Amino acid sequence: MTLAAYDIDQAGNVLCTYTKNANDDDIQVKKTHVPLGKAIFYAFLPAGYPHSVTDDYLAYQTYDSLQAFSSSIASLLANRAVLEGLGVGNASQSPTGALVLKIIQDTFSRLATILFAHRLGQAIEPECKTYRFMADMFNDSALLLDLLTPVLPFFPKICVMVVSSILRSLCGIAANASKASLSAHFAKTGNLAELNAKEASQETVISLLGMLAGYAVVHLVQDRTVVLYWMVTLIMVHLYMNYQGVRCVKMLTLNRQRATIVFSEYLHTGRILTPTDVAHRESVLRNVNGEMMSKDGDYHGTCELGSYGDVMVSDRWGYHAYKFEMDDYFMGVWHWRSKFVIRIAMKEHTLPSAGGPLLAWFDAVAHAYHFSSALKNGLGSHYENEGPHGYVSSGVKAGVFQALRNVGWDLDNVQLETRSPVRVRTGGSDHRKTPEKAQGPILLSKTD
């Protein structure tokens, strides 16, 4: 009788086979031969691939590598133009003057980094796909500006170089933060650090190949008109590859756009969309601010999560305003012609992990979906009646949320808020009611 044991990796591949005969104490060891090409391929992928990452990892990394290759070539062309603009090769130019320009660039770049991180740092994770694409738009805009430096006078040259440095700082913040969020999405087995390390290896090889190809292009292309044609072509390829890369990512968290798509589809057809379905529908640059639409398409608007003042104090000139209180939130609706704006202020006891903001967003999508029918009886009936004008019972919402979990959505990490979350603390009465005990919306104010 022969006994066998195997060493396997995370993907289930056999690394080594151990065999032993029942009448023999010797153990025979046989290592599995791995072809050279396959070994090199796996050297740049996370251990346990493909089981250790999500199924959209390889597609994204392929597009990311292609866009990095084209960007490396374009960067060399732009860097040559910058060096010419700084006077490299011109004996009349002072090294001190070039150093002063560099200091001015770095000063504005670092200030822009601080301001951008403070203003939009919390918005990057919910909209990581959008900001990942925008990062390359910033970078490509900077490359085009760099081409102007050799032909500009001194002071316009300073302005162009400063703007270019600011755009690169915006690119750095947006790219690094969005990549961190995407890496966290791809990592399935707690292998985030290793995944980032392997991505660095991939970028190293791609950048090296891009530099070698870029050297040939820089050596052969000297005419400025031809350089511009090359630059425009490379940038178009760069942006296209980046766009395709972020489009193929199937995020499992619900941000404003994805939540609106999911809830609208449920209200329209009763179908629960999977992350793959939503990835095919969501836009990278459009409809990222929670745009909503009525069932017939006659009314459209946006929804925002904000403070008590945003809902109860602020008003929009010329709009009809309706403001209501629910157990977990305050809601205001402003309507003018075919447009509406919905604002929500969450109460203190609601937590993102408990689905509070997501429940409120569901209500907002339902109200928007039934906007046309609600207006027939006055917009107030849109909230005061538990009828066909938008109210969805807590039991139905609980069933929808469970169905969302079943198809793969992560509802414990809701990403509806793009700034520091604000909660409303109320006094004088206990507002900590459960949805099942809710008595329905309370109309607080109405302005015709």
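Read the figures in this text as sums done on the coordinates, not as results from a lab. Since this is a predicted model, take the numbers as computed values, not measurements. Cβ coordinates were reconstructed from backbone atoms using ideal geometry, including for glycine residues, and neighbour counts include every protein chain displayed.
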Of all stretches in the chain that avoid GluC sites (Glu not before Pro) placed in a DSSP loop and having at most 16 other Cβ atoms within 10 Å, the longest is 1-347
Of all stretches in the chain that avoid trypsin sites (Lys or Arg not before Pro) placed in a DSSP loop and having at most 15 other Cβ atoms within 10 Å, the longest is 1-270
Residue separation between residue 193 and residue 15 times 0.36 nm, minus their alpha-carbon distance, gives in nm 61.7 nm
Connecting every pair of Cα atoms under 10 Å apart in the chain and solving the GNM, the largest mean-square fluctuation among 149, 233, 225 falls on 225
With N residues in the chain, Rg(alpha-carbon) / (2.2 N^0.38 Å) equals 1.26
For the chain, the helices passing both cut-offs (Cα extent along own axis of 15 Å or more, Kyte-Doolittle mean at least 0.5, full DSSP H runs) are 95-124, 154-186, 192-220, 224-247, 356-369
Over the chain, the sum of -39500 (n - 2.57) across DSSP H runs of at least four, divided by residue number and rounded to 500 deg cm²/dmol, gives at 222 nm -17500 deg cm²/dmol
The computed P(r) of the range 57-247 puts the percent of Cα pairs beyond 25 Å at 41 percent
Going through 30/198; 323/347; 129/250; 38/198 one by one, the pairs whose alpha carbons sit over 18 Å apart turn out to be 30/198
With 0.36 nm assigned to each residue of separation and the Cα-Cα distance removed, residue 280 to residue 5 gains 94.5 nm
Once normalised by the length of the chain, the mean sequence separation of its alpha carbon contacts under 8 Å that are 6 or more apart gives a contact order in percent of 16 percent
